[in-house]
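In what follows, a single structure is set out as structure tokens and then discussed.
No lab work stands behind these numbers, since they all come straight from the coordinates. These figures come from a predicted structure and were not determined experimentally. Quick reminder, even Gly has a Cβ in these numbers, built from the backbone with ideal geometry, and neighbours come from all protein chains shown.
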Amino acid sequence: QVHLVESGGGLVQPGGSLRLSCAASGSGFNINAMGWYRQAPGKQRELVAIITWGGIVNYADSAKGRLTISKDSAKNTVYLQMNSLKPEDTAVYYCKTDWYERRTGNLLISWGQGTQVTVSS
């Protein structure tokens, strides 16, 4: 099993920046992709950005130009740099990974516990 630990959330003023981190740990796995999703109160969870371990990146339209996803493959860690934050970015941000179990070759999914981001003056 792969365990994800997120960090970096908090309270920030509009126009401010935050950097989220998500580290994957476990044994016997290879990461295929990692990504960030968010869920605002009363709304469905939505994709923010995803990066494959081959380097392909995809962003939600709302994230383009302000949010940047990156990875450190050696550390099995993904980052989300968030700039020019807006109140509508307020949500719980979840990390997700698609990973291969080496023993079986199965593609599995793990989610982090979420980290709160609040953009408010």
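For the reader, a short list of remarks on this structure follows.
- Spin-label pair residue 13/residue 107, simplified geometry with 7 Å Cα→Cβ offset, distance in nm: 4.5 nm
- Within the shell of other residues whose beta carbon sits under 12 angstrom from the beta carbon of residue 22, the net charge comes to +2, with Lys and Arg scored +1 and Asp and Glu -1.
- Annotation: extensible slack from residue 45 through residue 88 equals 14.1 nm (criterion: 0.36 nm per residue apart, minus Cα-Cα distance).
- Net charge in the neighbourhood of residue 47 (other residues with Cβ under 10 Å of its Cβ; Lys, Arg +1, Asp, Glu -1) is +2.
- With a Förster radius of 35 Å applied to the C-beta separation of residue 61 and residue 30, the computed FRET efficiency comes to 0.70.
- Distance between the 7 Å Cα→Cβ label points at residue 1 and residue 120: 3.4 nm.
- Per the Kirkwood formula applied to alpha carbons, the chain shows a radius of gyration over Rh ratio, Rg over Rh, of 0.98.
- 3J(HN,Hα) from dihedral phi, the range 11-27, Karplus parametrisation 6.51/-1.76/1.60, rounded to Hz, x for glycine, proline: 9, 9, 7, x, x, x, 10, 9, 10, 9, 10, 9, 10, 9, 9, x, 9
- Phi-based couplings in Hz for the range 101-107 (Karplus 6.51, -1.76, 1.60; Gly and Pro marked x): 7, 4, 5, 10, x, 5, 9
- Under 5 Å, built H, 5+ apart or other chain: amide partners of residue 29: 102
- Note that the range 31-37 has calculated 3J(HN,Hα) couplings of 7, 9, 7, 9, x, 10, 10 Hz, one per residue in order, obtained from phi through the Karplus relation 6.51 cos²θ - 1.76 cosθ + 1.60 (θ = phi - 60°); glycine and proline are x.
- Aspartates and glutamates whose Cα lies under 17 Å from that of residue 71, excluding same-chain neighbours fewer than 8 positions away: 6, 98
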